[in-house]
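Shown next, in structure tokens, is the structure this report addresses.
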Amino acid sequence: MLKQQVGIITGASRGIGKAIAFKMAEQGMKLTIVGSSQGIFETQKELNEKGYTEITAVQADVSNEADVNGFVQKTIDTYGKVDVLVNNAGVGFFKLAEETTLDEWQHAFNVNVQGVFLGMKSVLPHMKERRSGTIITISSDVSRYTIPNGSAYTATKYAVQGFSGAVSQEVREYGIRVGTINPGMVDSYFNNSEQGLPEKDDWLKPENIADAVVYMASAPKHMEIDEIVLHPLVQDCPRI
Ligand code: NJP
């Protein structure tokens with residue numbers, strides 16, 4: 001189903017985005033992978049070593065409009081189209097509201113919200129012209145309910161959820177699907193953590209989120225999956 005399709009994955013240097021890149025490459029997709037650090041070229045090398053050669057790596061900042069337009073155009077120039085955009089790049093930190101600095105607040109909104117806006121804004125004219133496309137944003141369980149000590153991060157994910165829902169209503173007549181994947185605790189490098197720490201043994205794995213992305217992207221064309229919510233069993237959270 002996804003074979004020969006073209007995808008863009010942001011935040012693929014590590015963690016969830018890297019797992020998504022591997023799962024999509026396994027499906028036979030051609031990919032542009034994006035990260036803000038040189039780490040993105042390491043992901044490309046690892047994919048190439050597995051035999052996945054149609055991988056373009058771009059070091060770019062998702063909150064910068066020229067960067068985003070650059071990697072979208074590069075994808076179209078290289079592979080001729082964009083079928084799937086995965087807005088995965090994100091930053092998280094957990095602090096009381098009054099201890100959050102303006103710089104931290106703005107950085108979180110720039111990456112988590114503006115990055116998603118710019119990605120969608122850049123691919124939508126192309127997808128509308130082709131009357132086809134799927135946009136998947138890795139949001140969060142805290143886009144639907146609040147937690148203490150994470151107000152700024154929570155606010156970004158509520159914004160992403162609202163934005164994605166409204167865009168979905170704007171573009172469905174063009175055959176474009178827009179959905180979110182809302183995970184709970186995932187064992188990645190998120191929030192300056194390390195991946196693979198023993199205390200995170202029971203958490204979701206990046207591959208679990210990647211499987212959900214593949215499922216959403218490969219749904220039949222007439223079907224839109226608005227949202228997938230996933231939690232590790234050990235995480236006690238409200239039903240919504
Ligand atoms: O985090 P991490 P995750 N431009 O830190 C990239 C959401 N989520 O995989 O700077 C471009 O391992 C960064 O690239 P680089 C979360 O909100 C997670 O867990 O090159 N890229 C790296 O590849 C986020 O939206 C949990 O290292 C930028 C990647 O983003 C998504 O899952 C729970 C960038 C971050 O990798 C992936 O996060 C939840 C920029 N300006 C939601 N800034 C969880 N892990 O528990 C960062 O509910 N990146």
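The values are calculated or read from the model by the stated rules, or taken from the named source; none is laboratory data. Note that the structure is a prediction, hence the values are computed from the model and not measured. Heads up, the Cβs are rebuilt from the backbone with ideal geometry, glycines too, and the neighbour counts pull from every protein chain shown. Surface accessibility is based on the protein's heavy atoms, side chains included, excluding ligands, DNA and RNA. Shrake-Rupley method; radii C 1.70, N 1.55, O 1.52, S 1.80 Å.
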> In the range 47-75, which residues are away from the ligand (no atom under 16 Å from the Cβ), surrounded by fewer than 16 Cβ atoms within 10 Å (Cβ to Cβ) and not small (Gly, Ala, Ser)?
Replying inline: ASN48, GLU49, LYS50, THR53, GLN73
>> Looking only at the range 155-181, count every residue that is open to solvent by 30 Å² or more (accessible area, probe 1.4 Å) and out of contact with any Asp or Glu (no Cβ under 8 Å at 6 or more places or on another chain) and tell me the total.
In response: 11
> Looking at ILE16, ILE33, ILE55, ILE40, which one is under 15 Å from the mean Cα position of the chain (by Cα) and over 18 Å from THR137 (Cα atoms)?
Replying inline: ILE40
>> Restricting to the range 83-113, give me the number of residues that are within 15 Å of the chain's Cα centre (by Cα), more than 9 Å from the ligand (Cβ to nearest atom) and in a loop (DSSP other than H, G, I, E, B).
In response: 1
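Considering the range 174-226 alone, what residues qualify as being among the small types (Gly, Ala, Ser) and not in a helix (DSSP H, G or I)?
GLY175, GLY179, GLY184, SER188, SER193, GLY196, SER218, ALA219
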> What pairs come up if the first residue lies in the range 177-189 and is of a type in the set (Gly, Ala, Ser), the second is near the ligand (Cβ under 6 Å from one of its atoms), and their beta carbons are under 8 Å apart, counting only those six or more places apart or on different chains?
Replying inline: GLY184/ASP141; SER188/ARG14; SER188/GLY15; SER188/ILE16
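Does ASN149 fit the bill of being of a type outside the set (D, E, K, R), on the phi > 0 side of the Ramachandran plot, out of contact with any Asp or Glu (no Cβ under 9 Å at 6 or more places or on another chain) and part of a loop (DSSP other than H, G, I, E, B)?
Yes: the conditions hold for ASN149.
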> When the range 114-138 is examined, which residues are found to be over 18 Å from HIS231 (Cα atoms), within 11 Å of the ligand (Cβ to nearest atom) and open to solvent by less than 30 Å² (accessible area, probe 1.4 Å)?
Replying inline: GLY115, VAL116, LEU118, GLY119
>> If a residue must be crowded, with 23+ Cβ neighbours inside 10 Å and near the ligand (Cβ under 8 Å from one of its atoms), how many such residues does the range 20-39 contain?
In response: 2
> Could we say that LEU204 is open to solvent by less than 60 Å² (accessible area, probe 1.4 Å) and either touching a residue at least 24 places away in the same chain (Cβ under 8 Å) or closer than 14 Å to THR134 by Cα (or both) here?
Replying inline: yes
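Looking only at the range 182-201, how many residues end up being over 30 Å from LYS121 (Cβ atoms) and surrounded by 14 or more Cβ atoms within 10 Å (Cβ to Cβ)?
Counting residues in the range 182-201 that are over 30 Å from LYS121 (Cβ atoms) and surrounded by 14 or more Cβ atoms within 10 Å (Cβ to Cβ) gives 5.
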>> With touching a Gly at 6+ places or on another chain (Cβ under 7 Å) and loosely packed, with under 14 Cβ neighbours inside 10 Å as the only criterion, which of ASP141, ASP226 stands out?
In response: ASP226
